[in-house]
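What follows is a single structure, written as structure tokens, with notes after it.
Read the figures in this text as sums done on the coordinates, not as results from a lab. Nothing here was measured: the structure is a model prediction, and the numbers come from that model. Using ideal geometry, Cβ is built from the backbone for each residue, glycine included, and neighbour counts are taken over all protein chains shown.
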Amino acid sequence: MQFDQLKRRDLITLLGGAGAAWPLSARAQQAAMPVIGLLHPLSPGTYADSLRAFQRGLKNSGYVEGENVTIVYRWAEGQTDQLRALAAELVGRQVSMIAAFGPATFAARAATATIPIVFLVNVDPVRLGLVESLDRPGRNLTGINFVTGGLAARRRLELLRELVPAATRVAVLVNPADAVSAETTVEEVEGVARAIGLQIQVLKASTSWEINAAFATFVLDRPDALFVDFDNFFISRRVQLVNLASRHAIPASYPGRQFTEAGGLISYGRDLTDAWLQVGVYAGRILKGAKPADLPVVQASKFELVINVETARMLGLTVPATLLATADEVIE
């Protein structure tokens, strides 16, 4: 009898110990799951398609959110002064790596010199001081260079000329809050404009009020067309920009399809969704052990031209058939 009771007691102890061990094991596996910190200066609503592309890029590298990787999202909602605090929070959580976009990259770099950072920036990262060279970044940062100037600036001005053949004066809208990007754009656009015989008027805006004020100058000093720089703030205010261009009947060229989908006339630029996918791919490679210092900065190379024919008709413009034939998408 005592022997049977002893065996029963040992069995209960064994089962109880196993039951306690399983949750501990599950917790250990969960704790071991890598964590990506995603840091962005704006809000997620604007970037639904881009987020899906980022997740596809991760999946291409073997990672699926919720299954074998966790993503902690930190959005500044347009309050860029909060980026440093958000970056510090991610570092405090000891994330495995940080995916940083635009100005969020500098906040992430200031917060850590050891946690890997994959960035997406629209200015040469060497010029920005983020990496030592494109081929050998040399630090804890690498990423995607979403260059929007140079050839893109030339092509956008040429497209405006095709749509508005009589144009001689073009207003260029930049965001002075991102000084390096704004200066780069103005330099590139001025150089191209001189070559094709256009005059440039530079307008600056970093708030919604300043955007309204910039368009108010069109009443007295009316340009023939408008060139909107690639900027995260302008993307977040795309509906305001498109509506104002429509109200003032100004043919406008934009840096991405987000604007033409909102009713803008024409957009030409690198494919932002594809760039986010590449960020996801690099994030996955780093989670597998690659070092940022050894991963060359990727030059985003996919361009797309989108034309909104309905907006062209509203502006009294005829889109040349040759232009329609070369467009990646035509919005009727």
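A few remarks follow.
- Expected 222 nm ellipticity per residue - DSSP helices of 4 or more, -39500 (n - 2.57), all of the chain, to 500: -14000 deg cm²/dmol
- Of (i) 20.9, 76; (ii) 25.2, 106; (iii) 19.1, 58, the label for Rg and Dmax of the Cα atoms in Å derived from the coordinates: (ii)
- Applying a DSSP loop filter and a limit of 13 other Cβ atoms within 10 Å to the trypsin sites (Lys or Arg not before Pro) in the stretch 80-120 leaves Arg93.
- Full extension of the chain segment joining Val72 with Val35 gains 12.6 nm, where the gain is 0.36 nm per residue of separation less the Cα-Cα distance.
- Helix runs (DSSP H) in the chain reaching 27 Å along axis by Cα, Kyte-Doolittle at least -1.0: 2-32
- Tensor-based shape of the stretch 152-269 (alpha-carbon gyration tensor, a/c under 1.5 rounded, otherwise prolate or oblate): rounded
- Note, ³J(HN,Hα) from phi for the stretch 294-309, Karplus 6.51, -1.76, 1.60, rounded to Hz, x at Gly and Pro: 9, 9, x, 5, 8, 8, 4, 10, 8, 9, 9, 10, 10, 10, 9, 5
- Whole-Hz ³J(HN,Hα) from phi, Karplus 6.51 cos²θ - 1.76 cosθ + 1.60, for the stretch 224-233, glycine and proline x: 7, 7, 10, 10, 9, 5, 6, 7, 4, 5
- Computed label-point distance, nm, for sites Thr207 and Ser43 using a 7 Å Cα→Cβ extension: 1.9 nm
- Distant-in-sequence amide H partners of Leu203 (H built 1.01 Å from N, under 5 Å): Val172, Leu173, Val174
- The stretch 135-200 - Rg and Dmax from Cα coordinates, angstrom: 14.9, 50
- Residue with peak Gaussian network fluctuation, the chain [Cα springs, cutoff 10 Å], from Ala193, Ala179, Ala87: Ala179
- Take 316-326, 159-169 and order them by the average number of nearby Cβ atoms within 10 Å per residue, most first; the result is 159-169, 316-326.
- Cα-Cα pairs of the stretch 246-332 separated by more than 22 Å (percent): 41 percent
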